[in-house]
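The values are calculated or read from the model by the stated rules, or taken from the named source; none is laboratory data. A quick note: this is a predicted structure, and the numbers were derived from the prediction, not measured. Counting neighbours? That spans all protein chains shown, and the Cβs are built from the backbone with ideal geometry, glycine included. Accessible surface areas use protein heavy atoms only, side chains included; no ligands, DNA or RNA. Shrake-Rupley method; radii C 1.70, N 1.55, O 1.52, S 1.80 Å.
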Amino acid sequence: MSIRWRLFLTYLVVVSMAVGIVAVSAHQFAASHMPEFFHTNLHGSPMKRGHLFLQTIDESLIYAGASAIGIALALSFTLSRTLIGPVTHMMRVTQRIANGNYAERASIHRVDELGKLAASLNVMAFRLEQTEEMRRKLITDVTHELSTPLTSMQGMMEGLLDGVFPPDRETFTLIHQETVRLQQLVHNLKELSILESRSLSLDIREYDLILLLHAVIQKMGPSFLDKQIHLSWEHVPPPVPILADSNRMTQVFTNLLSNALRYTTPGGRVSVHLVVTGQEAVVIVRDSGIGIAAHDLPHIFERFYRADRSRARSTGGSGVGLSIVKEIVELHGGSIEVTSEVNHGSCFRVSLPLLHEENDAHTPAGGI
Ligand code: ADP
């Protein structure tokens, strides 16, 4: 049975019950007072007048009953127009969205619950549209990212077969580099999908962030030396306790430092500062590298975004690293920001919640 009919029957029952109760009580009230009326009245037969009186009441009740049906009909019709109409409209919209038409929106502009429901439906449709857009973009990007090294390997293999390339160490090194790039890309994609699905189980323990950063800096130190980039490291007095998955946190800072190393020319500077502000530990990784243009900045945490595609390709980047960094930092309840100026360098700030509250303002100390 449709809601429209249910509404009508509910009204009918309610109004009929009201009429019925009034009818029974009026009838009984009249009957109980009839004897006085019959005996005191001067004209006509008392019995006949009594019956006439009761008949009048019964007739008026029949009219009342008929009016009740009419009112119930009118009310249910009006209400069904104002309530059921929007529900039916949203039902149709939902069906179209379910069929993949994500641009569909409910056009209901009311301030009541139905208006709020329509607004939620529209938000849901908008999110679905965005997800679909991202899915399409991801497929395009992945296809592109996979096809580029594959094409390059195919070209080199064909060159080898045709004798255009000599089968020497240099050629095999180039092919090997492309396979490494492919493997790295597949690895990053796997990582990103695990992180984004929130199905990653973090091994959260208490760590001193200073020790964690120190280990990363020591591990990466030789690469900076090789490229003749000065790496400095300053931090507040230990300890700076945080709750973290040390492997994942190490991945975050390794990635930021690798980028700083990759996008800074020899002779440049990279610094790591650890400060404590309020309830947060803030790690600032600053470089004097090539910087990021203002129009690229809002996108660099997006998957596969590379500020300068050709340049990033030559430097070996795939544009996935920072998306992974952001996911990991957010999984730890933190945040990451970036500021940059072309040809002057970039500055990444990672804020992480501190484990204890007793950390007051500290002054930087220490160094590498
Ligand atoms: P990639 O693997 O390409 O480095 P990321 O996600 O780590 O991917 O970085 C995305 C893009 O952001 C890079 O391609 C690069 O254009 C830019 N970028 C990241 N870090 C820096 C930096 N320290 N200096 C200049 N550009 C950077």
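Per-structure values
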{"quantity": "Single residue of the stretch 138-156 satisfying the filter (in contact (Cβ under 8 Å) with a residue 12 or more places away in the chain and more than 19 Å from ILE175 (Cα to Cα)) that is most open to solvent (accessible area, probe 1.4 Å)", "calculated": "LEU138"}
{"quantity": "So THR250, is it in a loop (DSSP other than H, G, I, E, B) and open to solvent by less than 70 Å² (accessible area, probe 1.4 Å)", "calculated": "no"}
{"quantity": "Selected residue (criterion: most open to solvent (accessible area, probe 1.4 Å)) from residues of the stretch 108-137 that are under 19 Å from the mean Cα position of the chain (by Cα) and of a type in the set (Asp, Glu)", "calculated": "GLU133"}
{"quantity": "Qualifying positions in the stretch 49-107 - open to solvent by less than 70 Å² (accessible area, probe 1.4 Å), hydroxyl-bearing (Ser, Thr, Tyr) and without any contact (Cβ under 8 Å) to a residue 60 or more places away in the chain", "calculated": "SER60, SER67, THR82, THR88, THR94, TYR102"}
{"quantity": "Tally, over the stretch 335-348, of residues that are open to solvent by less than 90 Å² (accessible area, probe 1.4 Å) and out of contact with any Cys (no Cβ under 8 Å at 6 or more places or on another chain)", "calculated": "7"}
{"quantity": "Test: residue in the stretch 292-309 that is among the hydroxyl-bearing types (Ser, Thr, Tyr), modelled with pLDDT under 95 and open to solvent by 20 Å² or more (accessible area, probe 1.4 Å)", "calculated": "yes"}
{"quantity": "Checklist (1) at pLDDT 95 or above; (2) aliphatic (A, V, I, L, M); (3) open to solvent by less than 20 Å² (accessible area, probe 1.4 Å); (4) within 11 Å of the ligand (Cβ to nearest atom) applied to LEU352, failing item", "calculated": "(4)"}
{"quantity": "Qualifying residue in the stretch 247-269 (condition: more than 16 Å from the ligand (Cβ to nearest atom) and closer than 14 Å to GLY334 by Cβ)", "calculated": "yes"}
